[in-house]
Amino acid sequence: MTNQASATAANASPQVIGMIERLIAFPTVSRDSNLGLIEWTRDYLRGLGVDSRLTYDSTGKKANLFATLGEGRSGGIILSGHTDTVPVDGQAWSSDPFVASVRDGRIYGRGSADMKSYIATALALAPEFLDRSDAAPVHIALSYDEEVGCIGVRSLIADLKDQGIEARGCIVGEPTTMRPIVAHKGTHRFRCCVRGKEAHSSYTNQGVNAIEYAARLIVRIRQIADRMASEEKKNHQFTVPHSTMQTGLVRGGIAANVVPRDCEFMFEFRTLPGTDPSRIYREVASYADLLGAAMREEAPEAGIQFEQVSSSPGLLMQADDPVVQLASTLSGQMPDGAVSYGTEAGLFQHAGIPTVVCGPGNIEQAHRPDEYVSLEQVALCEAFMRRLARTTVSI
C-alpha cells in the first residue's frame, strides 16, 4: 500500500457500512432471483432523482440495472458490479451468511468481498456523484448471473449499444485489494454428453460403455492441457503463466452391473489473452469425432455431443490507457498486472469500452464460508470513490 493510500484509509463511514449490510441481506444466489436487490436499488436511485434502465432475463425473474448519475452529460465512467453470489449450501458459517456481521475489523457475509461492498460504496456515494455538475457522469451498472458465465452483462452491454449510450471507460469492482488489474484470462466452459448403449455387465460386447468413452476424451483433454503447459508462450504476469484446461464434473451410469448408456461431463479452458479458444475446442471436438465413429460401429445410436455453456473473453489493457491511469490515481497504486480468475471486464473491453478491474477485498476470501471484507479495504474503496466524485478529469 502506498503512503497516499495509507493516509486515506480512515474508518469506513456509517452510510457505506449500512449500505453493505443492506445489500448482503438480499440472498441473490445465482440460482435465485435478484429482483429484490435490483428493485430496491432502482427505488433508492429514484429517490435521488435518477432513472434506471432494467434489462430482464427470459423468465422476468432477474434483471440488470443501468443508471446515469449526471444525465445529459456525455462520456463518463461506468462503475460495474454483479449482484449474484455463489451458494452457501454445505458450508460451515459461524454466522448467518445473509446477515452482515461486523467484528474483528471485518464485515462477514455472502457477497461481502465478491462483490457487494464495491456496489454498496458506489450507491452510498451516489449523492456526491450527482454533485459533479462540471464533470462527466458516473454510470452504475449492476448485472445478474456473473457467477455462472457472465450471462446478464451481455444484455446490459447490448442495451447500451442499442440506446447509443457511450462511456469512456469502466471500472469493474471485483476484489483486487484496490489494486488496478489490467489483465485476466478468458473462461470457456462446455458440457459433453456421451451416449452409448446399455447392456448387462456380463455381456460387455453387446453394449457401448459411455463412461469409458468419456474417460478417453477426458484423458485427451488432460493431454492437451499438459502440452499447453509445456509449449505455450508463458505470460508471467499470471500466477499460472499458461492457458489451462480441466474437467470439473462427471456424471454417468446407473449401477455397477450395467454397461452405462450415458455419461455427461463438464470441462473448461482458461486462456491467456490472445490465445484462440476455438482452436483448442476444435482439437477436442476432432478427437471426439474419432471416438464417435468408433462408437457408431458398435451401435448406430451412439455418439458424442457438445454444448458451450459459457464463454467470456480475457482482458488485456495497457498500463498507460486513460482508464487504467485514472484507477491508479484514484487508488494511489500502480497498475498491478494480471489475475487468473475471470470477470465481466473482458466483455466490456470487447464491446469497445476500455476497462480495468479494481475493487475492495481479496479474491481468496470469496466463495468460502465466513466470506469477509476488511473495514480497511472498505475505507480504501470509499476514499477511491470520493476522489472520483471530486475529480474533473474526463477520460
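The values are calculated or read from the model by the stated rules, or taken from the named source; none is laboratory data. Nothing here was measured: the structure is a model prediction, and the numbers come from that model. Cβ atoms come from the backbone with ideal geometry, glycine included; neighbour counts cover every protein chain shown. Side chains included, ligands, DNA and RNA excluded: accessible areas come from the protein's heavy atoms. Shrake-Rupley method; radii C 1.70, N 1.55, O 1.52, S 1.80 Å.
Hey, quick one: spin label on residue 390, modelled 7 Å out along Cα-Cβ, who in segment 325-347 has an amide N within reach, i.e. under 17 Å? Residues 326-333 qualify, since their backbone N sits under 17 Å from the label point.
Average projection, convex hull of the Cα set of segment 67-198: 13.0 square nanometres. Between residue 212 and residue 96, the modelled labels are 5.4 nm apart [label points 7 Å from Cα along Cα→Cβ].
Seen from residue 242, the other residues with C-beta closer than 15 Å to its C-beta sum to a net charge of +2, counting Lys and Arg as +1 and Asp and Glu as -1. Stokes-Einstein diffusion of segment 123-188 at 4 °C, 1.567 mPa s viscosity, Kirkwood radius from Cα pairs, rounded to a whole number: 90 µm²/s. Leaving out same-chain residues fewer than 8 places away, which lysines sit with a Cα under 23 Å from that of residue 185? In chain and number order, the partners are 116, 233, 234. If you plug the beta carbon distance of residue 341 and residue 200 into 1/(1 + (r/R0)^6) with R0 = 30 Å, you get a FRET efficiency near 0.05.
Taking only the alpha carbons of segment 297-353, we obtain Rg and Dmax values of 19.9, 65 Å in that order. Principal axis extents of the Cα atoms in segment 336-395, from largest to smallest and rounded to whole angstrom, are 40, 29, 17. What residues qualify as long-range amide H neighbours of residue 309, i.e. H under 5 Å apart, gap of 5 or more or another chain, H built at 1.01 Å from N? Under 5 Å from the amide H of residue 309: 189, 190, 191.
For the pair residue 13 and residue 266 in one chain, pulling the backbone fully straight at 0.36 nm per residue adds 86.7 nm over the alpha carbon distance. Take every DSSP beta bridge whose two residues both sit in the chain; close to 75 percent of them are antiparallel. If the segment from residue 32 to residue 232 were pulled out straight at 0.36 nm per residue, it would be longer than the present Cα-Cα gap by 68.1 nm.
Across segment 1-104, counting alpha-carbon atoms alone, Rg and Dmax equal 16.9, 49 Å.
Peptide packing: for 34-46, 52-64, the average count of neighbouring Cβ atoms within 10 Å per residue gives the ranking 34-46, 52-64, highest mean first. Among the lysines, select those whose C-alpha is under 24 Å from the C-alpha of residue 161, and discard any that sit fewer than 8 residues away in the same chain. Here the lysines satisfying the reach criterion relative to residue 161 are 61, 62. Overall, the ratio between the Cα radius of gyration of segment 287-395 and 2.2 N^0.38 Å, rounded to two decimals, is 1.69. For residue 359, the residues whose modelled amide H falls within less than 5 Å of its own, excluding neighbours fewer than 5 places apart on the same chain, are 176, 177, 178, 179. Angle, helix 375-390 long axis vs. longest principal axis of the chain, Cα atoms, 0 to 90°, nearest 10? Between helix and principal axis, roughly 60 degrees. Rg/Rh for the chain (Cα atoms only, Rh after Kirkwood) is 1.04. Relative to the 2.2 N^0.38 Å rule of thumb, segment 193-258 has a C-alpha radius of gyration ratio of 1.60. Each Lys and Arg adds +1 at its Cβ and each Asp and Glu adds -1 at its Cβ; summed about the Cα centre, the chain shows a dipole of about 300 debye. If you wrap segment 137-244 in the convex hull of its Cα atoms and look at it from every side, the mean projected area works out to 12.1 nm².
Angle of helix 210-231 to the longest C-alpha principal axis of the chain, folded into 0 to 90 degrees and rounded to 10: 50°. For the chain, the longest principal axis of the Cα atoms and the long axis of helix 322-331 meet at an angle of about 70 degrees.
With all protein chains in place and a 1.4 Å probe, the accessible surface of the chain carries 49 percent carbon and sulfur.
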